[in-house]
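The values are calculated or read from the model by the stated rules, or taken from the named source; none is laboratory data. Bear in mind the structure is a predicted one, so any value in this text is a computation, not a measurement. Note that each Cβ is placed from the backbone with ideal geometry, even for glycine, and that neighbours are counted across all protein chains shown.
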Amino acid sequence: MTAPVRTCVGCGEAAAQAKLARVRVGDGARVVVDVKRSGGRGAWLHRGAGCLERALKRRSFARAFRRGDVTWDADALRGELTVVVGRDVVGRD
Ligand SMILES: [Zn+2]
């Protein structure tokens, strides 16, 4: 069985979906970590903090979601990513 592969918006490398955290555009066009795995357009990010920081610095989210109006709260994203990693240690980087 082949695991789904997604591309990390932080480093641009492909990885098994299980090793990535999903982010999506939430209320007010704000990027949030998709803790509940809800639908909609998503992007994927390695669970390590390094790729989140890279994505923030390179403004990768606007590109990943193909819209220029997205915003994000860097501290909130860091916190949300920690929640996801803490809940599911499998695939932790
Ligand atoms: Zn990455």
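Summary of values
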read-out: Some residue of the range 38-45 being farther than 18 Å from residue 63 by Cβ and either away from the ligand (no atom under 16 Å from the Cβ) or under 13 Å from the mean Cα position of the chain (by Cα) (or both); value: yes
read-out: Residue check, residue 34 more than 12 Å from the chain's Cα centre (by Cα) and away from the ligand (no atom under 14 Å from the Cβ); value: no
read-out: Residue that is modelled with pLDDT of 90 or more and either more than 17 Å from residue 12 (Cβ to Cβ) or of a type in the set (Val, Ile, Thr) (or both), where the choices are 30, 37; value: 30
read-out: Residue count, the range 6-31 (criterion: hydrophobic (A, V, I, L, M, F, W, C), surrounded by fewer than 20 Cβ atoms within 10 Å (Cβ to Cβ) and within 13 Å of the ligand (Cβ to nearest atom)); value: 3
